[in-house]
Amino acid sequence: MSNSTGFIADLPGLFTDIPGFVADIPSRIDFTSIPVILSSTVAVLAFTSFVKYVAERQQEKAMGFGHVPTLWQLDPFYGFDAFVAMLLALKNNRYVPWLDSLHAKMPKTFALTFLGGRQIWTIEPENLKTVANNLADFQVGPIRYNSKAGQPFAEKGIVGADGKDWEFARALVKPFFMREWYANTERMEPFAERFFAGIPADGETFDMFPHLRTWSLNLNLQFLFGDYSDIVTEEETNNTTDAFITGLAYARIRLLLHRVLWLFPWKTWYKVVGTIHSYVNKHIAKARAELKEREERISKGLPVGPERRDVCWHMVRELPNDDEVRSHLCLLFVPNNETTLIFLSNVMWNLARQPEIWERLRQEVKGKELNFNSLRGMKLLQNVLTEAHR
C-alpha cells in the first residue's frame with residue numbers, strides 16, 4: 001500500500017501547457033542596456049525590501065508581537081526561489097516532504113517571501129487554535145474568493161467566505177451535521193461492501209488508496225445528492241469523480257499561485273470544471289422537478305412519499321438560484337471528501353506497518369455490531385484514530 005494522501009494528484013496539463021508568450025520573445029534585444037536595467041532593478045528591490053522590513057518591525061512592536069524569524073532565501077525580494085521550489089515539489093508529488101524539510105530547519109513559526117508577499121507559516125498548535133477560535137480576524141476570502149482562484153469552480157460557500165457569507169453557508173448545511181445524520185452507519189453499508197469486494201483475497205500486496213478514494217467519493221456523492229442511479233450512469237459517475245479529484249488538486253495549486261494565475265493557461269482546470277458543473281446541474285434540475293411535483297401534489301391534497309434528506313434537496317428548497325446552489329454543493333464537497341480521505345489513508349498506511357496493532361484491532365472489532373455507539377466504545381479503535389490524527 002502506498003503512502004498516498006490524495007493531497008497531490010497527477011497534473012499533466014499544468015506543467016506542459018506553459019503559455020506561448022515565451023516563444024514570442026523578440027530576437028533583437030539591446031544587450032548594452034541590460035547591466036543598467038539589472039542594477040537599477042536590484043537597487044529598487046533592495047530599497048523596497050528595507051522599507052517593508054522596517055514597517056513590519058514597527059508594526060510588530062506596536063502590537064506587542066514577538067519577532068518572527070525569517071527563512072533565508074536566495075531571492076529575498078520576490079521569493080521566486082520559494083515559488084520554483086514549490087512547483088518542483090508539486091510536480092514530483094513531494095509537497096508534504098518539502099514542507100517538512102522547511103519546518104525541520106526553522107522554528108515552528110517563521111516568515112518567508114513568496115511571490116512578492118510576506119507569509120507566516122506555522123505548525124505551532126496554539127497558533128492554529130487561535131486561528132480556529134478567532135475566524136473573524138483571519139479571513140480566507142481575500143485569497144479564496146477575491147483572487148478568483150477558485151472560479152469558475154465555485155463562488156461563495158462554506159470554505160470560501162467570511163463574516164455573514166460564512167454564517168449563512170454554515171447555517172445552510174448545519175442540519176446535516178446533527179447526530180441523527182452522522183450517526184447513521186447503515187447508509188455506509190453498501191459502499192463498505194463494494195470497498196471490501198475490491199480487496200484481493202489471496203494475500204496479494206496492493207495499493208489500497210484507490211479503493212479508499214472510490215469509497216469516499218461515492219459516499220460523499222450519496223450524502224450530497226441522495227440516490228442518483230436513475231439520472232446518471234456508473235461511467236458518468238466515475239468520470240465525474242475523476243474530474244473532482246483533478247479539479248480539487250488544481251484548485252489547491254491555483255490558491256497557492258493566486259498571484260501568478262496569468263502565467264499558466266489552465267486548460268485542464270476549465271475542462272474538469274465543465275464536467276463537474278454538468279454533473280451537478282443534472283442533480284439540481286432533478287431536485288427542482290421533484291420538489292415542484294411534490295408541492296403540487298400537496299396543494300391538491302394528494303399523498304406524497306417521505307421527503308428526501310440529501311443536501312441538494314435541502315438547498316433547492318432554500319435557494320432559488322441554481323448557480324448559488326451549485327457553488328455551495330461544490331464547496332461542500334471539498335472538506336467533506338478530502339479531510340476524511342486523507343485521514344483514513346493515513347490510518348491505513350500506519351496500520352499496514354504495525355501488524356500487531358492491526359491484529360489487536362481486528363479482535364476488538366470482530367463479531368461486534370458496527371453501529372455508532374459501539375464504535376465509539378472501542379478503546380483501541382479510538383486510540384488508533386487519535387494517534388493517526390496527531
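Please treat every number below as a calculation from the coordinates, not as lab data. Computed from a prediction, not measured in an experiment: that's the story for all the values here. Glycine gets a Cβ as well: all are built from the backbone with ideal geometry, and neighbour counts include every protein chain shown.
Overview of results
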read-out: Over region 74-129, relative contact order from alpha-carbon pairs under 8 Å, at least 6 apart, %; value: 36 percent
read-out: Protection proxy ranking, peptides 322-328, 208-214, average beta carbon neighbours within 10 Å, highest first; value: 322-328, 208-214
read-out: Rg [Å, one decimal], Dmax [Å, integer] - region 211-345, C-alpha atoms; value: 16.9, 60
read-out: Separation between Cα centres of region 151-208 and region 249-289, rounded to whole Å; value: 19 Å
read-out: Overall form of region 348-390 per C-alpha gyration tensor (a/c, 1.5; a/b vs b/c); value: oblate
